[in-house]
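Only one structure is covered here, and it is reproduced in the block below.
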Amino acid sequence: MAAQNGKDLLIKLDMTSEGFFETIAGLRAQRISFNAESVDVTSLDSDGGWRELLGGAGMKSASISGSGIFKDADTDERVRQVFFDGETPRFQVVIPDFGIVEGPFQITSIEYAGSHNGEATYEMSMASAGRVQFTPL
C-alpha cells in the first residue's frame, strides 16, 4: 500500500438519521482508535506462570477525535445539536485505500478556542455507542 494523504481520512456524520452522511466541515486532523479489554484467566496452573487471556471475552470500543477550524456550516450545527441533545447518530470514518468504519457514536466532548489574531478552532471526541462495523474498500 502506498502512502496516503492525511486529508483523505474523513469523519462523516449522518445528517438526517436516514443514512445521509456528510463530511464534518473544517476538520484538519482526524483520528480513530480501537480498543479491546482483556480478560485475565491466569491461575496457579498457568504454563510457567505466564498470563493467560480469554479470547473474545472483553468489551470492544472505538473512539474518534478531530480538530479543525470553525466554519459555521450545516455539519457544525448538527454536531452541536447531537451533543446537546445527547444523541448517538451513526458516524463513518473513511480510511483511504483501507475501508469504512461505521456505527453509532456519542459526542463526549467539544472544545472551542480562539486567539485574538487567529481563527476560531474546535476539538471534539466521540465514543462508540453500539456495534461498529468495517467495510473494506
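The values are calculated or read from the model by the stated rules, or taken from the named source; none is laboratory data. As the structure is a computational prediction, the values presented were derived from the model and not from experiment. Positions of Cβ are generated from backbone atoms using ideal geometry, with glycine treated the same way; all protein chains shown enter the neighbour counts.
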When Glu111 is run through (1) touching a Phe, Trp or Tyr at 6+ places or on another chain (Cβ under 7 Å); (2) surrounded by fewer than 16 Cβ atoms within 10 Å (Cβ to Cβ); (3) acidic (Asp, Glu); (4) closer than 18 Å to Phe20 by Cβ, the failure sits at (4)
Only residues in the stretch 26-45 that are within 30 Å of Asp72 (Cβ to Cβ) count as the first member; pair them with residues that are of a type in the set (Asp, Glu), Cβ under 8 angstrom, at least 6 apart or cross-chain, and list the lot.
-> Gly26/Asp76
Search the stretch 104-120 for residues being part of a strand (DSSP E or B) and among the small types (Gly, Ala, Ser), and hand back the single one that is modelled with the highest pLDDT.
-> Ser109
Phe83 fails exactly one of the following numbered conditions: (1) within 18 Å of the chain's Cα centre (by Cα); (2) without any contact (Cβ under 8 Å) to a residue 60 or more places away in the chain; (3) farther than 13 Å from Phe105 by Cβ. What is the number of that condition?
-> (3)
